[in-house]
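The values are calculated or read from the model by the stated rules, or taken from the named source; none is laboratory data. Please read these numbers as outputs of a predicted model, since none were measured by experiment. FYI the Cβ positions are ideal-geometry reconstructions off the backbone, even for glycines, and counts take in every protein chain you see. Just so you know, the surface numbers come from the protein's heavy atoms only, side chains and all, with ligands and any DNA or RNA stripped out. Shrake-Rupley method; radii C 1.70, N 1.55, O 1.52, S 1.80 Å.
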Amino acid sequence: TLTNGIYTWEKAELNLAVGTIEFKVVKNHSWDIAYPAQNYVLNIAEDGEYTITITFDPTTEAVAAEAVKNEPAQAITCLEVYQKAKNDAVLLNPVTVTYTNGANVWVMDGSASMLIYMPSGFTNNFQAGDVLSGIADVVDIYQNIVYEVKPDATQAAAITVTSGEAPAPSQAAVIEASDVNKYVILPGFSIEGAFTADAKTSLTAVLGENTES
């Protein structure tokens, strides 16, 4: 590619061993005119997968090259997802399913709980207690409140499932700020109002003198 007078060649996913790579930039597909006069030597410090970028300035005849090792994504906890910004790419540590409803899959780990929103058409056979690995995508923030990860069809198909024990929710008489992101159950509460079939509705849960929307 030619951008602002500089030619750039890039190649990703190259499995390289420790050693050196030698090359020249040739003109008109011939060795008659090539840069630099001696081979350019690019050092590879360790085995691994690399992206190599080579640039050539035809005005100065300068050649430059860089080999960047592609490091695997580091998995993070649910709580760390809440510290990310919208559209940040994430990879979750293994998480345990607490509940599913259609495309919605609620999961938890030792740090917090969160929502995984599966793509349209994805067959969701997850059960409470299933341990999911390989959840990768970008962070979405629904109505600036609900953090969720929404894998596409390819990413969802790559999720691996192993059987585990369904987690037990903690008991809570009333939700406090410290309960945010926890998997809880409110025993003995009643609901004020009624759901409507054609609209999403927020209702109030009542337990004694305590109410939660």
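From the residues in the stretch 91-122 that are under 14 Å from the mean Cα position of the chain (by Cα) and aliphatic (A, V, I, L, M), which one is most open to solvent (accessible area, probe 1.4 Å)?
Within the stretch 91-122, the match that is most open to solvent (accessible area, probe 1.4 Å) is Leu91.
Only residues in the stretch 120-134 that are touching a residue at least 24 places away in the same chain (Cβ under 8 Å) and under 10 Å from Ala156 (Cα atoms) count as the first member; pair them with residues that are in a loop (DSSP other than H, G, I, E, B) and open to solvent by less than 40 Å² (accessible area, probe 1.4 Å), Cβ under 8 angstrom, at least 6 apart or cross-chain, and list the lot.
If the second residue must be in a loop (DSSP other than H, G, I, E, B) and open to solvent by less than 40 Å² (accessible area, probe 1.4 Å), the pairs left are Phe122/Ala103; Asn124/Ala103; Asn124/Met118; Gly134/Ile159.
Any idea which of (1) open to solvent by less than 40 Å² (accessible area, probe 1.4 Å); (2) modelled with pLDDT under 90 is the one Ile135 doesn't satisfy?
Of everything listed in (1) open to solvent by less than 40 Å² (accessible area, probe 1.4 Å); (2) modelled with pLDDT under 90, Ile135 misses just condition (2).
Please go through the stretch 138-162 and pick out each residue that is open to solvent by 80 Å² or more (accessible area, probe 1.4 Å) and modelled with pLDDT under 90.
If the condition is that a residue be open to solvent by 80 Å² or more (accessible area, probe 1.4 Å) and modelled with pLDDT under 90, then Tyr142, Gln143, Asn144, Ile145 are the ones that fit.
Would you kindly identify the strands (runs of 3 or more DSSP E) lying entirely within the stretch 72-190 that contain at least 3 residues that are of a type outside the set (A, V, I, L, M, F, W, C)?
95-101, 136-142
Mind telling me which of the residues Thr53, Thr59 ends up being open to solvent by 50 Å² or more (accessible area, probe 1.4 Å), among the β-branched types (Val, Ile, Thr) and not in a helix (DSSP H, G or I)? Can you show your working first?
Working: Thr53 fails: open to solvent by 50 Å² or more (accessible area, probe 1.4 Å).
Among Thr53, Thr59, only Thr59 is open to solvent by 50 Å² or more (accessible area, probe 1.4 Å), among the β-branched types (Val, Ile, Thr) and not in a helix (DSSP H, G or I).
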